[in-house]
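Asker: Before I ask anything, let me first share the structure, which is written out below as structure tokens.
The values are calculated or read from the model by the stated rules, or taken from the named source; none is laboratory data. Bear in mind the structure is a predicted one, so any value in this text is a computation, not a measurement. Backbone-built Cβ (ideal geometry, glycine too); neighbour counts: all protein chains shown.
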Amino acid sequence: MSPATDPRITEVLAKWWGFDQLRPLQSEAIQSALDGRDSLVVMPTGGGKSLCYQLPPLVGESTDVVISPLVALMKDQVDALEAIGYPAAAIYSGVSQEERQQIRDRLAAGELRLLFTAPERLVNTGLLDLLAQVGVKRFSIDEAHCISQWGHDFRPEYRQLALLRDRFPAASLHAFTATATPRVREDIASQLRLRSPDVLVGTFDRPNLCYRVVPRTERIQQTLEILGRHAGEASIVYCISRKETERLAARLAAEGLLARPYHAGLDQKERHKTQEAFARETIDVVVATVAFGMGIDRSNVRLVLHTSLPKSLEAYQQETGRAGRDGLAAECVLLYSSADVFSWEALVRKSAEESDLDVDEIERLIAGQTEHLHAIRRYAQATRCRHAALSEYFGQAYGTEPCGACDVCLGETESLPDATVTAQKIISCVARVGERFGVRHVCEVLRGAKTEGIQRHGHDRLSTFGLLAALDQRAAENLTHQLLDQGLLGRSGGDRPVVMLNERSWEVLRGTRTVVLSEPRSGKAKAAKADVDDWKGVDRDLFERLRKWRRQVAEGRGKPAWTIFDDKSLRAIAREKPTSPAALLRVKGIGEKRLADFGAAILDLVAGKEPAE
Ligand code: ADP
Ligand code: ZN
């Protein structure tokens with residue numbers, strides 16, 4: 001555990017944020033910052049990184065700098081900080097000349113506690129001289145993995161940050177990222193020339209998220225059904241293609257949902273409008289490609305639904321990380337079809353071959369991306385706790401199975417009744433085609449399909465032809481992949497992998513090994529324990545009234561709703577129903593500034609009156 005928290009920290013935390021304690025890693029990160037030691041903080045999305053750089057400058061009344069690649073994120077953070085009266089500003093290319101001058105004046109006068117800026121702004125604009133003049137002693141680098149070519153989001157302009165060490169030899173540097181691989185971590189430390197940094201690595205598990213993988217049978221129907229569990233709540237639905245986002249959003253809108261599409265092909269204005277509507281809670285659902293999300297901070301997203309397979313578990317962790325950032329229960333559903341694996345494989349190969357890399361590099365790129373793809377396929381097809389699978393993938397043991405928050409632990413998946421016999425049929429077919437074909441062909445033979453390939457090879461004369469005629473292609477492939485995942489079949493490498501037999505396949509054929517295969521059930525989702533707990537004692541009518549009021553305040557101020565109040569605080573109010581300012585101050589998330597701004601309105605709402613504002 002961390003050492004006893006500095007009383008100054010506790011005081012600042014309560015006064016400004018209305019929080020009663022730091023999370024353990026935050027406490028260590030803040031201590032490093034206050035002591036002026038370099039640090040590298042690895043925390044998953046939603047882990048609470050921002051507080052680690054927001055709090056220290058209040059304690060020593062310093063002016064600190066935060067470097068971030070995402071303008072939208074900077075703006076949101078400044079809004080959120082201003083809502084608690086915290087003096088912060090952001091300089092980026094969209095800021096007018098006049099505003100920029102104002103910020104420079106406030107900086108020179110020592111009024112600012114935090115200045116956010118983008119890396120290219122920092123190095124090319126003479127801003128560094130000003131920062132040197134005011135004696136900046138602490139730089140925080142957000143999304144620090146952007147400096148590494150091994151990371152999933154390399155940005156060349158981040159390389160320039162190496163000059164901070166030379167220009168500010170006395171300052172401490174603090175790198176923050178949600179990317180966990182050791183290679184990226186080492187790269188960050190060496191590129192930024194961190195001096196024996198405190199390396200603080202958080203827990204990757206997100207206990208408030210309930211994970212489900214559902215076999216995709218009918219995209220639109222399944223999407224509607226799952227969204228139906230989240231009526232009136234914030235949801236993000238991810239699609240692979242731009243066209244799909246538009247089609248699906250139109251369909252959802254036709255069903256009466258407040259849904260809009262979002263993708264990089266829409267014009268800037270349109271995209272901005274959608275982001276803002278989502279942030280101010282005037283729409284509930286965004287149907288998006290992965291272009292949406294960077295910079296979306298709406299903290300009460302209750303559902304992240306992937307209608308296609310993401311290309312890696314890293315991407316999945318990041319995209320699902322946008323759910324439940326307020327700590328309340330949220331759901332993450334992946335509609336899985338093995339067809340997506342094949343499309344991705346083809347796409348990976350095509351885009352690598354079209355790049356201007358040399359042959360070796362192309363092969364390495366393909367191998368790396370294929371490895372990522374198979375990791376997420378294994379995750380989707382596995383029949384074990386999703387929390388455990390994710391944690392272990394990120395190198396952390398998971399100790400609390402059954403978790404109570406995934407389809408497997410909630411008992412929503414079902415095992416196939418005659419799995420061993422089915423497995424024997426599939427394995428025999430692999431043997432009959434001479435271990436020279438891929439999953440698709442093997443399954444076509446099993447289903448008794450009349451493809452050109454089957455006829456050419458005479459595979460319609462095999463004894464295994466049509467043995468699984470009752471299954472459709474997807475189901476057959478899904479079962480075959482489960483056998484591969486469990487190591488009961490092997491697979492060759494190369495660009496056209498073939499399925500092969502191994503030692504264990506023979507054990508199955510001989511009947512000395514029994515097989516368990518899952519047949520995930522779609523639809524029936526049970527309530528996760530966290531969700532039930534989060535609603536305990538909450539007056540739902542009052543919660544809805546509070547949300548409506550928050551939406552109006554957000555509209556009036558032109559700010560994202562979550563910066564006014566997050567859902568956790570609103571539920572706490574709707575549970576505790578405070579009747580005095582003192583009682584209100586005891587609610588988590590309410591500090592002095594919020595009490596002064598909104599205390600009266602909230603007490604009115606709790607008393608059932610129209611709020612005065
Ligand atoms: P990250 O930047 O790591 O994705 P954030 O800094 O946005 O995460 O924090 C995620 C959520 O956790 C926010 O809603 C924030 O208000 C909340 N939070 C952070 N620290 C604490 C704390 N010590 N106590 C209560 N809530 C916290
Ligand atoms: Zn589980």
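Asker: In the range 382-399, what residues are of a type outside the set (Gly, Ala, Ser) and within 9 Å of ligand 2 (Cβ to nearest atom)?
Answerer: Narrowing the range 382-399 to residues of a type outside the set (Gly, Ala, Ser): 383-387, 390, 392-394, 396, 398.
Selection gives ARG384, CYS385, ARG386, HIS387, TYR398.
Asker: Among the candidates SER50, SER62, single out the residue that is modelled with pLDDT of 90 or more, hydroxyl-bearing (Ser, Thr, Tyr) and near ligand 1 (Cβ under 9 Å from one of its atoms).
Answerer: On inspection, the qualifying residue turns out to be SER50.
Asker: Something else: Out of curiosity, is ASP604 more than 27 Å from GLU276 (Cβ to Cβ) and either part of a helix (DSSP H, G or I) or within 16 Å of ligand 1 (Cβ to nearest atom) (or both)?
Answerer: Numbers: more than 27 Å from GLU276 (Cβ to Cβ): yes; either part of a helix (DSSP H, G or I) or within 16 Å of ligand 1 (Cβ to nearest atom) (or both): yes.
Considered against the rule, which asks whether it is more than 27 Å from GLU276 (Cβ to Cβ) and either part of a helix (DSSP H, G or I) or within 16 Å of ligand 1 (Cβ to nearest atom) (or both), ASP604 comes out as yes.
Asker: Being charged (D, E, K, R) and over 25 Å from ASP340 (Cβ atoms) is the filter; apply it to the range 400-424 and report the residue that is nearest to ligand 2 (Cβ to nearest atom).
Answerer: Filtering first and then ranking leaves GLU401.
Asker: Would you call ASP198 at pLDDT 95 or above, surrounded by fewer than 22 Cβ atoms within 10 Å (Cβ to Cβ), more than 26 Å from VAL71 (Cβ to Cβ) and not small (Gly, Ala, Ser)?
Answerer: Spelling it out, ASP198 is indeed at pLDDT 95 or above, surrounded by fewer than 22 Cβ atoms within 10 Å (Cβ to Cβ), more than 26 Å from VAL71 (Cβ to Cβ) and not small (Gly, Ala, Ser).
Asker: Could you list, in sequence order, all residues of the range 319-339 that are over 20 Å from ALA528 (Cβ atoms) and either surrounded by fewer than 23 Cβ atoms within 10 Å (Cβ to Cβ) or not assigned by TED's automatic domain parsing to the domain that holds ALA234 (or both)? First the steps, then the outcome.
Answerer: So the first thing to find is which residues in the range 319-339 are over 20 Å from ALA528 (Cβ atoms), and the list is 337-339.
Once the filter is applied, which keeps residues that are over 20 Å from ALA528 (Cβ atoms) and either surrounded by fewer than 23 Cβ atoms within 10 Å (Cβ to Cβ) or not assigned by TED's automatic domain parsing to the domain that holds ALA234 (or both), the range 319-339 yields SER337, ALA339.
Results for (1) within 16 Å of ligand 2 (Cβ to nearest atom); (2) under 27 Å from THR370 (Cα atoms); (3) under 11 Å from the mean Cα position of the chain (by Cα); (4) of a type in the set (D, E, K, R), shown as yes or no for each residue.
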{"position": "LEU258", "(1), (2), (3), (4)": "no, no, no, no"}
{"position": "GLN268", "(1), (2), (3), (4)": "no, no, no, no"}
{"position": "THR274", "(1), (2), (3), (4)": "no, no, no, no"}
{"position": "THR289", "(1), (2), (3), (4)": "no, yes, no, no"}
{"position": "HIS306", "(1), (2), (3), (4)": "no, yes, no, no"}
{"position": "GLY321", "(1), (2), (3), (4)": "no, yes, yes, no"}
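Asker: I would also like to ask the following. Which pairs do you get when a residue that is more than 15 Å from ILE426 (Cβ to Cβ), found in the range 495-510, comes within reach of a residue that is not in a loop (DSSP other than H, G, I, E, B), reach meaning Cβ atoms under 8 angstrom, with the pair 6+ apart or on two chains?
Answerer: Short answer, once both residue conditions are applied: ASP495/ARG349; ASP495/ILE366; PRO497/ARG491.
Asker: Out of curiosity, is ARG106 closer than 30 Å to ILE590 by Cβ, free of Cβ contacts under 8 Å to residues at least 60 places away in the same chain and surrounded by fewer than 21 Cβ atoms within 10 Å (Cβ to Cβ)?
Answerer: yes
Asker: List the strands (runs of 3 or more DSSP E) that sit entirely inside the range 150-246 and contain at least 1 residues that are charged (D, E, K, R).
Answerer: Those strands (runs of 3 or more DSSP E) span 198-201, 209-215.
Asker: Taking only pairs six or more apart or across chains, which ones have beta-carbon atoms under 9 Å, a first residue in the range 377-401 that is closer than 12 Å to LEU313 by Cβ, and a second residue that is basic (Lys, Arg) and within 9 Å of ligand 2 (Cβ to nearest atom)?
Answerer: Correct list of pairs: TYR379/ARG386.
Asker: Could you list, in sequence order, all residues of the range 374-432 that are touching a Pro at 6+ places or on another chain (Cβ under 6 Å) and under 20 Å from ASN208 (Cβ atoms)?
Answerer: Result: CYS409, single match.
Asker: Take the residues in the range 392-410 that are of a type in the set (Gly, Ala, Ser) and modelled with pLDDT under 90; name whichever of them is nearest to ligand 1 (Cβ to nearest atom).
Answerer: That would be GLY395.
Asker: Suppose we filter LEU34, LEU25 for residues that are without any contact (Cβ under 8 Å) to a residue 60 or more places away in the chain and either surrounded by fewer than 22 Cβ atoms within 10 Å (Cβ to Cβ) or within 14 Å of ligand 1 (Cβ to nearest atom) (or both); which single one remains?
Answerer: Only one candidate qualifies: LEU34.
Asker: Condition test on ASP20, is it charged (D, E, K, R), touching a helix residue (DSSP H, G or I) at 6+ places or on another chain (Cβ under 8 Å), surrounded by fewer than 15 Cβ atoms within 10 Å (Cβ to Cβ) and more than 22 Å from GLU186 (Cβ to Cβ)? Quick ask: steps written out before the conclusion?
Answerer: Working: charged (D, E, K, R): yes; touching a helix residue (DSSP H, G or I) at 6+ places or on another chain (Cβ under 8 Å): yes; surrounded by fewer than 15 Cβ atoms within 10 Å (Cβ to Cβ): yes; more than 22 Å from GLU186 (Cβ to Cβ): yes.
Yes.
Asker: Still on this model: From the residues in the range 218-265 that are out of contact with any Asp or Glu (no Cβ under 9 Å at 6 or more places or on another chain), surrounded by fewer than 20 Cβ atoms within 10 Å (Cβ to Cβ) and among the hydrophobic types (A, V, I, L, M, F, W, C), which one is nearest to ASP76 (Cα to Cα)?
Answerer: ALA264
Asker: Could you say which residue among ARG280, ARG298 is over 22 Å from LEU347 (Cα atoms) and within 16 Å of ligand 1 (Cβ to nearest atom)?
Answerer: On inspection, the qualifying residue turns out to be ARG298.
Asker: Quick one: would you say ARG461 is over 32 Å from the mean Cα position of the chain (by Cα) and over 24 Å from ALA375 (Cβ atoms)?
Answerer: In short, yes.
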